[in-house]
Every structure is written in C-alpha cells, then in structure tokens.
Amino acid sequence: MENRNWDKTPMREPSKLDFRIMYGILPVVAFYIGYQWNAYAAIGLGFTATVFAYYASDRKGLVGIFAVFGLFVATMAAVVGIVLEDERAFLARDAAIDFLLASLGLGSLLLGRPVVGLVLRDMWPALQELLPLRHRAFVLATLVFVVVNIFQGTVRTWMLFGGFSVGEYLVYSRLFGWPTAGIMIAIIATIVRRAARAEARRRHQETPPSIDPDQRATGS
C-alpha cells in the first residue's frame, strides 16, 4: 500500500491547549480596575499584571524572545505614562508593539531571514526538514504578518486618540484585535501548511520505490 505520510504536515501535530494564554487578559482587567481610581493606579496595576503574565507564560525559544520584547515595551510605556500622568500613554503600547513587530518583519525580509519562518521552524522542528528559511511561503507569510500589524497599529492608534474613551478602547480594541490576529494566524498557517504538503509530496514522488530483498535475490 502506498505510504501517504507526506499528507501529514508537521503543523498538524496535536498539542494540548495551554490555558496560560488566558493570562493575556489580566493586564486589561487590572488596568480597568485601577482606572476607577486614577492614572497611577491604572498603570501600576496594569503593569504588575503584565509582569505576572510574562512570568506565567511559556518563555522558551523565539516565543520567549517576543515575550521579553513585549515586556520591555510595556515597561517603557508604564514609565512614560507615569511621568505624563496619562493612562493613554500606557495603552499606546498596543499600537507601539504592532508597529515595532511590522518593522521587525520588514527588517527580517531585508536580511533574508523571514521572521515567520524563524518562529515556525523553531516551534515545529520538522519544518526545518521540509522548508528552507528563505522559502517563498515564509516570505509571503511574513508579508502578511507585516501588513496585518501595520493595519492593527493604525486602527488602535485611531481608537485611542480619535475620540474613544479609555473604557471603550479597552473593549473595542480587543474585540478588533483578537479576531484580526486569529485571521492572520489562520492565513499564515494555511500558506505554510500548503507549502509543506507540496514539498513533502514532491519528495515522496521523487523517492524511488523500495525493492523487496527476496525479489532482488531471485532477480524478479
């Protein structure tokens, strides 16, 4: 029977749901609670929850590097917000992260090391066997990553400084950001999965069929 293992791409490997991803909502809740008092309380509680979420999250590999990056931006935003006594300066970290990630993506493309490829090959080592880092699938996926982050950063900036109240921003920015990020991840996963399947299929077709040792001995 023909072996069709090429159809089982690495990104289909089962994984357990990590409930630590829910910690990402804690800074929003903490910030809103503190906002009922003043800007200092909002920023202080929001930043404290951000630090907690960072240490409670998975900080391995490249994902951990992105977590450190997010914590650094949050720290800078907290300092600026406290100095200016403006909670919006702290909330601006969301758009700042979007634009910085987009810049990172563009820089990685210019260097010939698409950041999406780096992350996915780190998360699924089997992809390293199938797709080289400079594969066009990783280039296209990184372009999607860049465009979506620019779009998110622009919309979040408009929400924050375009007339929305702080409470409205906390709600609507999440209602906008989570689905948008989910769609981006789905598109990137589809692009890379299709490329991995195509490459695995190509290699399978190029592999010569194995010869039964008994047939080889009899010459049949």
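The values are calculated or read from the model by the stated rules, or taken from the named source; none is laboratory data. Bear in mind the structure is a predicted one, so any value in this text is a computation, not a measurement. Cβ coordinates were reconstructed from backbone atoms using ideal geometry, including for glycine residues, and neighbour counts include every protein chain displayed.
Quick notes on this one:
- Counting only residues that are outside any helix (DSSP H, G or I) and over 21 Å from residue 147 (Cα atoms), the stretch 89-128 holds 2 of them.
- Residue list for the stretch 64-92, filter: touching a residue at least 12 places away in the same chain (Cβ under 8 Å), of a type in the set (A, V, I, L, M, F, W, C) and within 15 Å of residue 48 (Cβ to Cβ): 71, 74, 77, 78, 82, 90
- Odd one out for residue 76, checked against (1) in contact with a Ser or Thr (Cβ under 9 Å, 6 or more places away or on another chain); (2) outside the structural domain of residue 149 (by TED's automatic domain parsing): (1)
- When residue 167 is tested against the conditions (1) in contact (Cβ under 8 Å) with a residue 60 or more places away in the chain; (2) surrounded by fewer than 16 Cβ atoms within 10 Å (Cβ to Cβ); (3) farther than 21 Å from residue 30 by Cα, the lone failure is (3).
- Count - residues of the stretch 35-67 that are modelled with pLDDT under 80, surrounded by 14 or more Cβ atoms within 10 Å (Cβ to Cβ) and either closer than 14 Å to residue 25 by Cα or polar (S, T, N, Q) (or both): 1
- Residue in the stretch 4-18 that is at pLDDT below 85, surrounded by 14 or more Cβ atoms within 10 Å (Cβ to Cβ) and over 24 Å from the mean Cα position of the chain (by Cα) present: yes
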